[in-house]
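The values are calculated or read from the model by the stated rules, or taken from the named source; none is laboratory data. Just so you know, these numbers come straight off a predicted model, no measurement behind them. Virtual Cβ from ideal backbone geometry, glycine too; neighbours counted across all protein chains shown. Calculation scope for accessible area: heavy atoms of the full protein, side chains included, ligands and nucleic acids excluded. Shrake-Rupley method; radii C 1.70, N 1.55, O 1.52, S 1.80 Å.
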Amino acid sequence: MNTQTQDDPLIAFAGIVWSSPQPGLRFKEAMRGGRRIRQIEMDESFVEADWCRTGHVGFVIEGTLAIDFDGHVVEFKAGDALCIAPGEASRHKARAVGEKVLLFVVD
């Protein structure tokens, strides 16, 4: 059972249930200080239908993440951080390169 609150400084992802909004994507989520903090796992079957315009700061824990910035693709490998500004100029789509990617993201 997840008994964490918005004021709790600890986010114990092990106690949070996975959400799977679409094939190939699942995440665990907590809210702190108006920020959404997620542990995200995606596999090669995940396809983003629309461009994301949300700003993100994150860290690739495992695997390789490819992000398409409207035709310019950047690959982030395990140990790399990402910092994407919000808005139309930074619109993007993410996908896993290989079997699986696991990352930590704040937006």
field: GLN22 paired with LYS77, simple spin-label distance in nm, labels 7 Å along Cα-to-beta-carbon
entry: 2.8
message: I need the per residue convex hull volume for segment 45-96, using only the alpha carbons, in cubic angstrom as a whole number.
response: 71
- request: Give the calculated FRET efficiency between ARG32 and PHE104 to the nearest 0.05, with a Förster radius of 22 Å applied to their Cβ-Cβ distance.
  value: 0.95
- prompt: For the chain, which whole-number percentage of the solvent-accessible area (1.4 Å probe, protein heavy atoms only) is attributable to carbon and sulfur atoms?
  reply: 55
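If R0 is 25 Å, what FRET efficiency do you get for LEU10 and ASP68 from their C-beta distance, rounded to 0.05?
Computed FRET efficiency for LEU10 and ASP68: 0.10.
At most 16 other Cβ atoms within 10 Å plus a DSSP loop assignment makes a site exposed; report the longest stretch of the chain without any exposed GluC sites (Glu not before Pro).
49-107
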message: Step by step: find N for the chain, compute 2.2 N^0.38 Å, then divide the Cα radius of gyration by it. What's the final number?
response: 1.07
Pair VAL97, ALA49: separation of 7 Å Cα→Cβ label points (nm): 2.8
statement: Ranked by GNM mean-square fluctuation in the chain (Cα springs under 10 Å), the top entry among ALA89, ALA66, ALA81 is ALA89
task: Report relative contact order for the chain in percent, whole number only (criteria: Cα-Cα under 8 Å, sequence separation at least 6).
output: 30
- line: Listed by chain and number, the aspartates and glutamates with an alpha carbon less than 13 angstrom from that of LYS100, same-chain partners under 8 positions apart left out, are GLU41, ASP43, GLU44, GLU62
Accessible surface, per residue, of the chain when the full set of protein chains is kept, probe 1.4 Å, Å²: 60
